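Visitor: What follows is a structure written as structure tokens; I'll ask about it next.
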Amino acid sequence: MTADELARMDCQTLIVSPDVRRRATISVPFYREIKLEFFARRRLGRVFREFGPEYVHIATEGPLGWAARRICLRHNLGFTTAYHTRFPEYLAERAPKLLAGIVRRATYAALRRFHAPSQAVMVATASMERELLARSFSRIHRWSRGVDLSLFRPHGKDLADFANLPRPLLLYVGRLAIEKNLRAFLSLDTPGSKVVIGDGPDLEALKHDYPDAYFQGAKQGIDLARCYAAADLFVFPSIMDTFGLVLLEACASGLRIAALPAPGPLDIFGGDTDFAALDPDLGGAVARALTLTDDGEAPRAFARRFTWSACTEQFRAILRSSPCVDRHSLAAKEAPTWPQAPETSMQEISLITRNEL
């Protein structure tokens, strides 16, 4: 969506992601859909030479991101980064209890090193900004998120897949993994039906442990949008998300929200609203949210504050303050020195943009 919006702003955008045809590209254990590409320095070097970006944004801290970072540092090219995922907390959650603290500290140290030379470290929320500043990160900039209001909207409650399920329909959308705290939702004693959309390493275990829940698998596009609209309440049990884009999709679909008062929901809603209930007791949040007005217009009006065009303008403004080459040199038509023999690689997705002069 960001690339599409940048195109409307007359920017050429090239997204560099792992090349699944290469033997050095592997899947992350327990996250098969996430690919990591190692030893991609030659390929990245060609990208830099052929595309000649004016701006380089490194979106994640994977192997491609480390490689792009090293290329930029070696050739004195500026770049920006983003902090999307609380990797230290995710890894600590999976580590043995005695090692969790060590894993957390070591991962934060690695991430500080990764982001230290960045001209701007982009985060989605105020709480993430405060957290990173407290952990000695610097040059933090706010980059919000958007939602596609034309796709996610009230399509109607009549959906064949849910026709025989007792109401109210309590919906969760997202990854099925330990850090999402999904068991806190599925173990609640609530009226109606619990519907889960998504895939992940915990799918089979959750199916086994919660046979009364309805697992729909992963969905995208209009199929996903119709599932949102057909539900009665969206439940967000995560305490680790840095934002929670699904919250905006649910609001755009006209749903009430029940969530824990964690950084993502607190940053978005600020607390209870006419359509969202936040409570340390998730069951209490669900019970209260079901009593809130269910006209669909209040959450949709709230979602209109978050447009992709607005957040892309934020992104572009940050980039323009952090060009990877001297714009005066470009104006004088002096060719920048692009890497001839690139370096190591890291990331899930790097965004490299060139603005049309």
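Visitor: Give the residue that is nearest to the chain's Cα centre (by Cα), with candidates limited to residues of segment 216-233 that are closer than 22 Å to L290 by Cβ and outside any loop (DSSP other than H, G, I, E, B).
Guide: Y228
Visitor: Follow-up. Please specify each residue of segment 111-130 satisfying the condition of being in contact (Cβ under 8 Å) with a residue 12 or more places away in the chain and either over 23 Å from Q314 (Cβ atoms) or in a strand (DSSP E or B) (or both).
Guide: R112, V121, M122, V123
Visitor: What tally of residues in segment 72-89 results from selecting those that are closer than 29 Å to V47 by Cβ, in a helix (DSSP H, G or I) and under 19 Å from the mean Cα position of the chain (by Cα)?
Guide: Qualifying residue count, segment 72-89: 1.
Visitor: Could I ask something else about it? Quick check, is R305 closer than 20 Å to S150 by Cα, among the basic types (K, R) and assigned to a loop (DSSP other than H, G, I, E, B)?
Guide: Numbers: closer than 20 Å to S150 by Cα: yes; among the basic types (K, R): yes; assigned to a loop (DSSP other than H, G, I, E, B): yes.
When the stated conditions are applied, R305 passes them.
Visitor: Let me ask something else. Can you spot a residue in segment 267-281 that is in contact with a His (Cβ under 8 Å, 6 or more places away or on another chain) and surrounded by 20 or more Cβ atoms within 10 Å (Cβ to Cβ)?
Guide: No - not one qualifying residue is present in segment 267-281.
Visitor: Among the residues of segment 132-147, are any closer than 27 Å to F269 by Cβ, among the aliphatic types (A, V, I, L, M) and out of contact with any helix residue (DSSP H, G or I) (no Cβ under 9 Å at 6 or more places or on another chain)?
Guide: Restricting attention to segment 132-147, the residues satisfying the condition of being closer than 27 Å to F269 by Cβ are 132-135, 137, 140-147.
Checking which are among the aliphatic types (A, V, I, L, M) leaves us with 132-134, 140, 147.
Within this subset, residues satisfying the condition of being out of contact with any helix residue (DSSP H, G or I) (no Cβ under 9 Å at 6 or more places or on another chain) are 133-134.
Scanning segment 132-147 turns up at least one residue that is closer than 27 Å to F269 by Cβ, among the aliphatic types (A, V, I, L, M) and out of contact with any helix residue (DSSP H, G or I) (no Cβ under 9 Å at 6 or more places or on another chain).
Visitor: Find the residue count for segment 90-108, including only residues that are among the small types (G, A, S) and either buried (at least 19 other Cβ atoms within 10 Å of the Cβ) or within 22 Å of the chain's Cα centre (by Cα) (or both). Working first, answer last.
Guide: Step one: list which residues in segment 90-108 are among the small types (G, A, S), which gives 92, 95, 100-101, 106.
Those still in the list that are either buried (at least 19 other Cβ atoms within 10 Å of the Cβ) or within 22 Å of the chain's Cα centre (by Cα) (or both) too: 92.
Residues that pass the stated criteria total 1.
Visitor: Determine which member of the set G65, G101 is part of a helix (DSSP H, G or I) and farther than 27 Å from S322 by Cβ.
Guide: On inspection, the qualifying residue turns out to be G101.
Visitor: Run down A229, A259 and say which single residue is of a type in the set (A, V, I, L, M) and crowded, with 23+ Cβ neighbours inside 10 Å.
Guide: Working: A229 fails: crowded, with 23+ Cβ neighbours inside 10 Å.
The match here is A259.
Visitor: Right, next: Looking at S329, is it in a loop (DSSP other than H, G, I, E, B), at pLDDT below 90, under 24 Å from S118 (Cα atoms) and not acidic (D, E)?
Guide: Criteria not met by S329.
Visitor: Within segment 233-272, which residues are touching a strand residue (DSSP E or B) at 6+ places or on another chain (Cβ under 8 Å), at pLDDT below 95 and under 20 Å from R304 (Cα atoms)?
Guide: Passing the criteria: G244, G264, P265, L266, F269, G271, D272.
Visitor: Do we have F302 as aromatic (F, W, Y) and surrounded by 23 or more Cβ atoms within 10 Å (Cβ to Cβ) here? Spell out how you get there, then give the answer.
Guide: Details: aromatic (F, W, Y): yes; surrounded by 23 or more Cβ atoms within 10 Å (Cβ to Cβ): no.
When the stated conditions are applied, F302 does not pass them.
Visitor: Something else: Among the residues of segment 138-149, write down those that are in a loop (DSSP other than H, G, I, E, B), surrounded by 19 or more Cβ atoms within 10 Å (Cβ to Cβ) and in contact with a strand residue (DSSP E or B) (Cβ under 6 Å, 6 or more places away or on another chain).
Guide: W143
Matching residues to (1) among the hydroxyl-bearing types (S, T, Y); (2) part of a loop (DSSP other than H, G, I, E, B); (3) not assigned by TED's automatic domain parsing to the domain that holds H57:
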site: L132; (1), (2), (3): no, no, no
site: S136; (1), (2), (3): yes, yes, no
site: L151; (1), (2), (3): no, yes, yes
site: N164; (1), (2), (3): no, yes, yes
site: R175; (1), (2), (3): no, yes, yes
site: E179; (1), (2), (3): no, no, yes
site: A184; (1), (2), (3): no, no, yes
site: T190; (1), (2), (3): yes, yes, yes
site: V196; (1), (2), (3): no, no, yes
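Visitor: Another one. Please find, among E33, E37, E5, E50, the residue that is loosely packed, with under 13 Cβ neighbours inside 10 Å, in contact (Cβ under 8 Å) with a residue 12 or more places away in the chain and either under 21 Å from the mean Cα position of the chain (by Cα) or not assigned by TED's automatic domain parsing to the domain that holds L245 (or both).
Guide: Going through E33, E37, E5, E50 in turn, the sole match is E33.
The values are calculated or read from the model by the stated rules, or taken from the named source; none is laboratory data. Since the structure is predicted, the reported quantities are computational estimates derived from the model, not experimental observations. Glycine gets a Cβ as well: all are built from the backbone with ideal geometry, and neighbour counts include every protein chain shown.
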